[in-house]
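I have placed the structure first, in the form of structure tokens, so that the comments after it can refer back to it.
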Amino acid sequence: MGAGERGVRTRSRRTGAPAVVVTAVLALAGCSTGPSLENQGEVTAPPGDSRHLTIGSAGFTESDLLAQMYALLLEDADYGTKILSVTNREIYEPALESGQIDVVPEYAATFADWLNAKANGPEAPTVGSPDLTTTMTALRGLAGPRGLTVLDPGRAVDQNAFAVTRAYATEHRLKTLSDLGDAKLPVRLAAGDECVKRPYCAPGLRETYGIDITAVDPKGVGTTQAKQAVQSGADQMVLTTTTDATLDEFGLVLLADDKHLQNADHIVPVVNRSRAGSEGATTALGRLNTVLTTADLANMNEQVDNWRRLPEDVARTYLQEKRLIPGG
């Protein structure tokens with residue numbers, strides 16, 4: 001997400017108060033409640049245990065759902081919570097360092113590369129990897145000196161994925177991206193325009209799988225227009241994500257990334273160590289890892305985006321069904 005001035009909304013979960021527009025981004029970026037930890041070396045202070053925690057959301061459906069689940073789990077552990085929506089990583093990450101935000105859901109490889117670029121410049125080599133252990137080692141090494149603790153990842157992962165029509169997959173006997181490369185079929189790919197150059201998109205499909213990408217149709221990542229282009233046969237494949245819950249509606253199926261082109265973007269909670277690094281908070285948040293899968297997350301995204309259910313209601317129902325919080 002690019003930098004820009006955005007408003008911030010908060011809502012008290014304890015009182016059920018309506019959303020309130022608060023101060024603009026500069027209040028987060030410039031008026032910290034604590035010192036910036038950037039470039040101050042390893043943080044050695046003991047983990048803190050503030051009893052009132054602010055959970056950050058990046059403002060899209062999946063992030064909202066994760067923030068709601070984090071808040072419900074923390075409330076069940078007797079923490080007061082508030083959800084704050086900041087749709088820009090350039091804003092919410094410094095707020096997480098300063099303690100204005102205490103917890104955010106993040107994506108391991110993406111966040112590792114973002115912190116690495118912040119520390120070492122935008123031209124620094126990427127540190128995210130298809131290997132989860134390598135990615136987590138790099139991420140924790142970058143997050144620690146900033147006063148951030150990265151909790152363990154679970155099974156849920158949201159990363160780039162590629163889909164074709166079910167009929168196309170059946171006709172050519174395709175289950176994996178390797179199958180598509182072996183089939184030597186010309187493929188027009190519906191994706192964002194950046195796909196032309198990004199190593200995990202068209203170049204990677206060519207180099208890793210030998211897929212004959214003849215053109216990139218710039219219709220966006222997982223958009224309705226992109227899926228319709230594949231459904232109609234104008235394009236043969238679409239770039240989407242592993243938690244896309246709308247594929248069935250367009251008759252699409254994912255091809256497995258069997259050679260692991262994509263980096264390990266497992267979902268991880270990231271906390272401000274001095275405020276939410278205690279055993280109580282981290283244990284409460286870690287309970288979600290015992291159940292949450294990629295398929296679960298896709299299903300919840302569908303309920304919000306297609307069925308128009310509220311993220312809080314979907315999150316609460318899921319946690320109750322998994323017996324992580326008491327039923328209503």
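Mind listing the long-range amide H neighbours of MET237? Cut-off is under 5 Å, sequence gap 5 or more, other chains count too, H placed in the peptide plane at 1.01 Å from N.
Counting only residues 5 or more places away or on other chains, the set is ARG188, ALA190.
Check which residues have an amide H placed less than 5 Å from GLY220's amide H, if you skip close sequence neighbours.
The list, which skips near neighbours in sequence, is ALA191, GLY192, ASP193.
What is the ratio of the Cα radius of gyration of segment 208-328 to 2.2 N^0.38 Å, with N the residue count, to two decimals?
For segment 208-328, the normalised Cα radius of gyration comes out at 1.36.
Given labels modelled 7 Å from the Cα in the Cβ direction, how far is it in nm from ASP179 to ALA215?
2.7
Please find the FRET efficiency linking VAL196 to ASP78, where r is the Cβ-Cβ separation and R0 is fixed at 35 Å, and quote it to the nearest 0.05.
With R0 = 35 Å, the Cβ-Cβ based efficiency is 0.10.
Across the chain, how many lysine pairs separated by 8 or more positions, or lying on different chains, have Cα atoms within less than 29 Å?
Close lysine pairs under the 29 Å cut-off: 18.
So how exposed is TRP307, as accessible area in Å² (1.4 Å probe, rounded to 10)?
The accessible area of TRP307 comes to roughly 140 Å².
Find the eigenvalues of the gyration tensor of the Cα atoms of the chain, then list the square roots of 5 times those eigenvalues as equivalent ellipsoid semi-axes, largest first, in whole angstrom.
Its equivalent ellipsoid spans semi-axes of 36, 23, 18 Å.
Per-residue accessible area for LYS118 at 1.4 Å probe radius, Å² rounded to 10?
Roughly 70 Å² of LYS118 is accessible to a 1.4 Å probe.
Given a 1.4 Å probe, how much area per residue of segment 112-163 is accessible, in Å²?
Per residue, segment 112-163 has an accessible area of 43 Å².
Carbon and sulfur: what percent of segment 110-241's accessible surface (1.4 Å probe)?
For segment 110-241, the apolar C and S fraction of the accessible surface comes to 51 percent.
Taking Cα atoms, how many degrees apart are the long axis of helix 108-120 and the longest axis of the chain, rounded to 10 and kept between 0 and 90?
Value to nearest ten degrees: 70.
Once amide H atoms are built 1.01 Å from N in the peptide plane, which residues 5 or more positions from ILE101, or in another chain, come under 5 Å H to H?
Placed amide hydrogens put LEU96 under 5 Å from ILE101.
Apply the Karplus curve 6.51 cos²θ - 1.76 cosθ + 1.60, θ = phi - 60°, to the phi angles in segment 76-82 and return the couplings in whole Hz, x for Gly and Pro.
After applying 6.51 cos²θ - 1.76 cosθ + 1.60, I find 5, 9, 6, 9, x, 9, 8 Hz.
Using the Karplus equation 6.51 cos²θ - 1.76 cosθ + 1.60 (θ = phi - 60°), what ³J(HN,Hα) coupling, rounded to whole Hz, does each residue of segment 182-191 give in order, writing x for Gly and Pro?
In residue order, the calculated couplings are 5, 6, 6, 8, x, 10, 9, 9, 7, 6 Hz.
Could you list the square roots of 5 times each eigenvalue of the Cα gyration tensor of segment 150-221, that is, the equivalent ellipsoid semi-axes, sorted largest first and rounded to whole Å?
Square roots of five times the eigenvalues give 23, 17, 12 Å.
Per residue, how much accessible surface does segment 208-328 expose to a 1.4 Å probe? Answer in Å², no decimals.
Result: 44 Å² per residue.
Could you derive backbone 3J(HN,Hα) for segment 141-151 from the dihedral phi with the Karplus parameters 6.51, -1.76 and 1.60 (θ = phi - 60°), listing whole Hz in sequence and x where the residue is Gly or Pro?
x, 7, 7, x, x, 9, x, 10, 10, 9, 7
The values are calculated or read from the model by the stated rules, or taken from the named source; none is laboratory data. All values reported here derive from a predicted model rather than from experimental measurement. In this analysis, Cβ positions are derived from the backbone assuming ideal geometry, glycine residues included, and neighbour counts consider all displayed protein chains. To get the accessible areas, we keep the full protein, side chains included, count just its heavy atoms, and leave off ligands, DNA and RNA. Shrake-Rupley method; radii C 1.70, N 1.55, O 1.52, S 1.80 Å.
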